[in-house]
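The values are calculated or read from the model by the stated rules, or taken from the named source; none is laboratory data. Since the structure is predicted, the reported quantities are computational estimates derived from the model, not experimental observations. A quick note on method: Cβ atoms are made from the backbone with ideal geometry, for glycine too, and the neighbour counts reach across all protein chains shown. SASA here: full protein model, heavy atoms, side chains in, ligands and nucleic acids out. Shrake-Rupley method; radii C 1.70, N 1.55, O 1.52, S 1.80 Å.
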Amino acid sequence: MAASVREKQAVALKRMLNFNAPPLKNTTAEPVWKVLIYDRFGQDIISPLLSVKELRDMGITLHLLLHSDRDPIPDVPAIYFVMPTEENIDRICQDLRNQMYESYYLNFISAISRSKLEDIASAALAANAVSQVTKVFDQYLNFITLEDDMFILCHQNKELISYHAINRADIQDTDMEAIMDTIVDSLFCFFVTLGAVPIIRCPRGNAAEMVAVKLDKKLRENLRDARNSLFTGDNMVAGQFSFQRPLFVLADRNVDMATPLHHTWTYQALIHDVLDFHLNRVMMEEGAGAEPSPAGARPKKKSRKTYDLTGADKFWQKHKGSPFPEVAESVQEELDTYRAQEDEVKRLKSIMGLEGEDEGAISMLSDNTAKLTSAVSSLPELLEKKRLIDLHTNVATAVLDHIKSDLDQYKKVLLDAGCDLSPLNYIKQWKAFAKMATTPANYGNSGVKPMGLFSRVMNTGSQFVMEGVKNLVLKQHNLPVTRILDNLMEMKSHPETDDYRYFDPKMLRGSESSIPRNKNPFQEAIVFVVGGGNYIEYQNLVDYAKSKQGKKVVYGCSELFNAAQFIKQLSQLGQK
C-alpha cells in the first residue's frame, strides 16, 4: 500500500476519463471534449474523489445521470460509468438506437456478464452502431473511498447489505448468499485496485467468516488463470512498490455492539452524529436570520447549504480527529491570522496611494512595492483560506446548536414523564459557584483576551451543556476492533483471536491446516467490519496506527451509521 487506495482509485478514474489511456503529464494540448454518463453508483464513487473543476480539466463538458432525459449530442464521444444492471444495459441499448453520441466508451463498475455483453452487441448490430462502440471495460471500482485510509462498499441501496438485512430472523439462505456475494464483489474490486493479494483472517461462525470463504475462493480462481489474472503483469504495476503482502482482518459487527451507540467528541464523528453528512459532504439548513418575520408575513424559506470536507482542506485534514473544543479554538486562531494578513494588504495599498508626496513617502513606496506585489499575488490563497474559515465556523456553530437543542429535548421528555428537574437546577448552580470560586479576580489594566469562537457560541447557550459534553471525549484506549487488529498484526497469542481462521489465496493447493503461515508482524493491514461501521472506530484505528511507527492501517465497512441510525436498525430487528 505504498500509494493510498484513494490515490489508486483516483488514478484509475482519471485513466478511464482519458479513454482508458494513461493521462499525459505536462502537456499543453487541449483535452478531447466528451460527456460523462453515470448512474447513481458511479456518481457516488466519483464525487468524493474528483471535483467538477478536475472533471472539466479532463475534458468533461457535461456529466449526466444515465436515466435522466438527455438530448442527443451526435458529434461528441461519451464515456459511460455504470453498474451492469438489467435496466442500465437496456438504457445503453436505447442510446445506441437513438444515435445519442459520436462514439461510446462503456465502463462497468463491476464485471459484466457474457449474456449482458451479448445484449449490447445485438443492440449495436441492430442500430448499425457496432463501429461506434469503441471500447468496453470492466473497471473493478465497486467501492467508495472516503479517506486515504477509509472506504465503504456503497451508498445507494445500502439497506440491502445492512446490519438489519444480515441479521433478520426470517432471512432465507438464498438471500444471505446474495448479500455475501454483493459484499465479496466489492472487496474483490478493492484488492484489484490496491494491486495486492492479502492474507485473510476472520472469526468463526458468523457473516465475517462467510465473506472470508467466498473472497478467498474468488481470489484463488482469478489467480489460477495466469493469463487473465488481474493480479499479474501490467495489472500489478500499481502494487509493485510494496514488498510485504497486507493483512486483511474481517470483523463482524456483533463483536462490538456498544461502540456504534456512543456519542463521541471528535470533530468528524460529531458531524456525522448530529448533521446530515454523507460521502464527505455536509448539508445544513441555514436560517434566514435571527429577526422574526413581521406579523402576517410569510415565514422566510430556509436555504440548504452544502459543504465538501475534502483532503484538499488542510484544516479538515489536521483537525477531523481532534476534540471539538480544540477545533473551535483553532478556527478562531485561523480567523485571527487571516485578519492580520488582510490588514497588511490594506496597509500596503494605502501606502501605494502616497505618490507625489514628500521624499519619505516615495522611499516608503519603493520599499513596499515588492511587499505589496507579494501580498497581492497571495490574494487567491487568502480568499480560499477565508472560504474554509467560514465553512468551519458555520459547521462548528451548527454542531453546537444541535447539542444545545438535544439537551432541551431531553429536559422536555423528562418533564413529560413526570421527573423532578430540581436536581439538575441545583447542579447548574453548584457548577456556577465552583467556577466563580476558581476564577482569579481581574484588577487594574490587565488585558482581557478576546473570546474565541467556542466561548462566544457557548455563551449564547448553557455553559452547563459544555461541561457535560466534554465528558464525551473517549479516553485513549483501544476499542475491540483495534485490539483484534493489534493481536493479528503483531502475531500475539490471545484467546480473543487464537481461533481465527487463516486464508492465503496465493496457496492454490492444500487445506487450511497445511498452509505455511506468515510468522512476522505485518506492516500493512486492512480492517473490514461486516454489518456496518462508524467514525469512532475509524479514528481509534488512525490513533493506533500513529502510535506504531511505519505501520499502515485502512478501515472499511459495509456502511457507515451513527448511533441513531444503528438504533433504528436494532429496533426493526426487535419488533416481532
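In terms of the Cα gyration tensor, with a ≥ b ≥ c the square roots of its eigenvalues, is the range 92-190 rounded because a/c is under 1.5, prolate because a/b exceeds b/c, or oblate?
Prolate, because a/c is 1.5 or more and a/b exceeds b/c.
With labels modelled as points extended 7 Å from the Cα through the Cβ direction, what inter-label distance (nm, one decimal) is found for Leu160 paired with Asn425?
The answer from the label model is 5.6 nm.
Shape call for the range 41-116 from the C-alpha gyration tensor, a ≥ b ≥ c root eigenvalues: rounded (a/c under 1.5), prolate (a/b greater than b/c) or oblate?
Taking the square roots of the gyration eigenvalues as a ≥ b ≥ c, the range 41-116 is oblate.
Search the structure for amide H atoms under 5 Å from the amide H of Leu279, placed 1.01 Å from N in the peptide plane, and list their residues when 5 or more places away or on another chain.
Those qualifying (amide H under 5 Å, at least 5 residues apart or on another chain) number zero.
Could you check how much of the accessible area of the range 72-218 is carbon and sulfur, as a whole percent, using a 1.4 Å probe?
48 percent
Pull out the extension gain between Asp69 and Glu329, defined as 0.36 nm times the separation in residues minus the alpha carbon to alpha carbon distance; nm, one decimal. Walk me through the intermediate numbers first.
On the way: separation 260, 0.36 × 260 = 93.60 nm, distance 4.78 nm.
Gain on stretching Asp69 to Glu329: 88.8 nm.
Find which of Ala165, Tyr80, Asn98 sits farthest along the positive direction of the dipole of the range 41-200, computed with +1 on the beta-carbon of Lys and Arg, -1 on that of Asp and Glu, about the Cα centre.
Asn98
With a 10 Å radius around each residue's Cβ, average the other Cβ atoms per peptide and rank 75-88, 107-120, highest first. Let's see the in-between values first.
Values: 75-88: 18.9, 107-120: 16.9.
Answer by packing, highest mean first, reads 75-88, 107-120.
Mind computing the radius of gyration and Dmax over the alpha-carbon atoms of the range 6-162? Å is fine for both.
Computed over the Cα atoms of the range 6-162, radius of gyration and Dmax are 15.5, 47 Å.
Taking 0.36 nm per intervening residue step and subtracting the Cα-Cα distance, what contour gain separates Ser122 from Arg501 on full extension?
Full extension from Ser122 to Arg501 adds 131.8 nm.
What residues qualify as long-range amide H neighbours of Ala111, i.e. H under 5 Å apart, gap of 5 or more or another chain, H built at 1.01 Å from N?
When sequence neighbours closer than 5 places are left aside, the close amide H contacts are Tyr140.
Is the range 1-99 rounded, prolate or oblate when judged by the Cα gyration tensor, a ≥ b ≥ c being the square roots of its eigenvalues, rounded requiring a/c under 1.5 and prolate requiring a/b larger than b/c?
Because a/c hits 1.5 or more and a/b fails to exceed b/c, the range 1-99 counts as oblate.
Starting from the Cα of Val136, step 7 Å along the direction of its Cβ; do the same at Leu383; then give the gap between the two resulting points in nm.
Once both label points are built, they end up 4.8 nm from each other.
Could you give each residue of the range 270-280 its phi-based ³J(HN,Hα) in whole Hz, using Karplus coefficients 6.51, -1.76, 1.60 with θ = phi - 60°, and x for Gly or Pro?
Computed from phi, the couplings for the range 270-280 are 5, 4, 5, 6, 10, 10, 8, 10, 9, 6, 6 Hz.
Tell me the accessible surface of His278 in square angstrom (1.4 angstrom probe, heavy atoms of protein chains only), to the nearest ten.
70 Å²
Residue by residue through the range 87-102, what is 3J(HN,Hα) from phi via Karplus (6.51 cos²θ - 1.76 cosθ + 1.60, θ = phi - 60°)? Round to whole Hz and write x for glycine and proline.
5, 5, 4, 4, 5, 5, 4, 5, 4, 5, 5, 7, 6, 5, 9, 5
Convert each backbone phi in the range 29-39 into a coupling constant with the Karplus relation 6.51 cos²θ - 1.76 cosθ + 1.60 (shift: θ = phi - 60°), then list the ³J(HN,Hα) values in order as whole Hz, x for Gly and Pro.
Running phi through 6.51 cos²θ - 1.76 cosθ + 1.60 with θ = phi - 60° gives 5, 5, x, 6, 6, 8, 10, 10, 10, 10, 9 Hz.
Given labels modelled 7 Å from the Cα in the Cβ direction, how far is it in nm from Lys548 to Arg517?
Result for the modelled spin labels: 1.7 nm.
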